[in-house]
Amino acid sequence: MVDITPQKQTATLTVRPPMAEFVVIAAAMALGLAAFAVAVLPSPGWAMIAFGSCVGLVALGVRRSYPHPSFGLCNTVTLGRAALLSLLAGVLADAGAVSPWLVFWVGLTILSLDGVDGWLARRSHLKSDFGARFDMEVDAALGAVLALYLMLSGRTGAEILVLGFMRHVFVLAGLAWPMLRGALPESMRRKTICVVQIGTLIALTCPLVPAAVVGPVALAASALLVLSFAVDTAWLVRHRR
């Protein structure tokens, strides 16, 4: 008994509730984001509001459906991507006053970390529906923010919103047609086109890209994205219950 009791106590102490861990990580990221936003944005408050909203939604998800005892490095990486995305959201308030190089490099960093969180989740056995949904929503929000930036900065017209908001339109359509809310099978085609979508939006923010090619490139990427959603819609219709 003398040997066993300390071992049980030690094991208990090593388990950190995921919400407490999340709060500490989110607070540290908020401080870092605040310092960065003050240094590079004319109106840093918008970035903090965006991150605060994100933290609130993630906290709700952790409380309701996160199944593991630790928040984990995988979800920490995704939260870091969300913090950088919040910085880009803050750019929208002063799109013409912020260097496009900032948008390009921050966007590229967010994209480069995509997939790292999934790899970490598999490696640490912390895979969850929450983590997958968190990662997917960050990707969708990144596309929307980049599309809005390109339009507000005058780089493209409103047609770029097709490339940034296609998934949001699909989700809204699912409210009217429940068949669109069905589960889709894993698809390399879908993942590849998602990378093409985000990569194209980031590339179009680069000042080195000639203005003459912005429209055609955006149109081609939009056509691929619409085609991908059309294929998924057709599959859901065929397999509706």
Q.
Using a probe radius of 1.4 Å on heavy atoms only, what accessible surface per residue do you get for the chain? Whole Å² is fine.
A. 55 Å²
Q) If you roll a 1.4 Å probe over the stretch 94-241 with all protein chains in place, what percent of the accessible area is carbon or sulfur? A) 69 percent
Q.
Mean-square fluctuation check for the chain, GNM, Cα pairs under 10 Å: which of Leu184, Leu85, Leu148 is largest?
A. Leu184
Q: Ignoring everything but the protein chains, give the 1.4 Å probe accessible area of Glu159 in square angstrom, nearest 10.
A: 120 Å²
Q | Heavy-atom accessible area ranking, 1.4 Å probe, most first, across Met29, Met179 | A | Met179, Met29
**Q.** Cα-based helix-to-principal-axis angle, 188-205 vs the chain, degrees rounded to 10
**A.** 60 degrees
Q. Tell me, what is the 1.4 Å probe accessible area of Asp129, in Å² to the nearest 10?
A. 140 Å²
Q | Student exercise, the stretch 101-241 dipole from Lys, Arg, Asp, Glu Cβ charges, in Debye to nearest 20 | A | 460 debye
(Q) What's the whole-number percent of alpha carbon pairs in the stretch 105-201 lying beyond 19 angstrom? (A) 50 percent
Q) Counting Lys and Arg as +1 and Asp and Glu as -1, each charge on the Cβ, what is the dipole of the chain about the Cα centre in debye, to the nearest 20? A) 680 debye
Q | Positive-end extreme of charge dipole, the chain - chosen from Pro67, Ala234, Ile25 (charges on Cβ) | A | Ala234
Q | Compactness of the stretch 183-241 as Cα Rg over 2.2 N^0.38 Å, two decimals | A | 1.39
**Q.** Accessible heavy-atom area order of His168, His68, His125, His239, highest first, probe of 1.4 Å
**A.** His125, His239, His168, His68
Q) How would you classify the stretch 22-91 from its alpha-carbon gyration tensor, with a ≥ b ≥ c the square roots of the eigenvalues: rounded for a/c under 1.5, else prolate if a/b is greater than b/c, otherwise oblate? A) prolate
Q) So what's the net charge close to Cys74: Lys and Arg +1, Asp and Glu -1, counting the other residues with Cβ under 10 Å from its Cβ? A) +1
Q: Over all alpha-carbon pairs of the stretch 144-188, lay out the pair-distance distribution in 10 Å bins, whole %, shortest bin first.
A: 27, 34, 28, 11
**Q.** Option label - Rg/Rh (Cα atoms, Kirkwood Rh) computed here, alternatives (i) 1.03; (ii) 0.95; (iii) 0.98
**A.** (i)
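The values are calculated or read from the model by the stated rules, or taken from the named source; none is laboratory data. These numbers were taken from a predicted model, which means no experiment stands behind them. As a convention, Cβ positions derive from the backbone with ideal geometry for all residues, glycine included, and neighbour counts pool all protein chains shown. Just the protein is used for accessible areas: all its heavy atoms, side chains included, with ligands, DNA and RNA removed. Shrake-Rupley method; radii C 1.70, N 1.55, O 1.52, S 1.80 Å.
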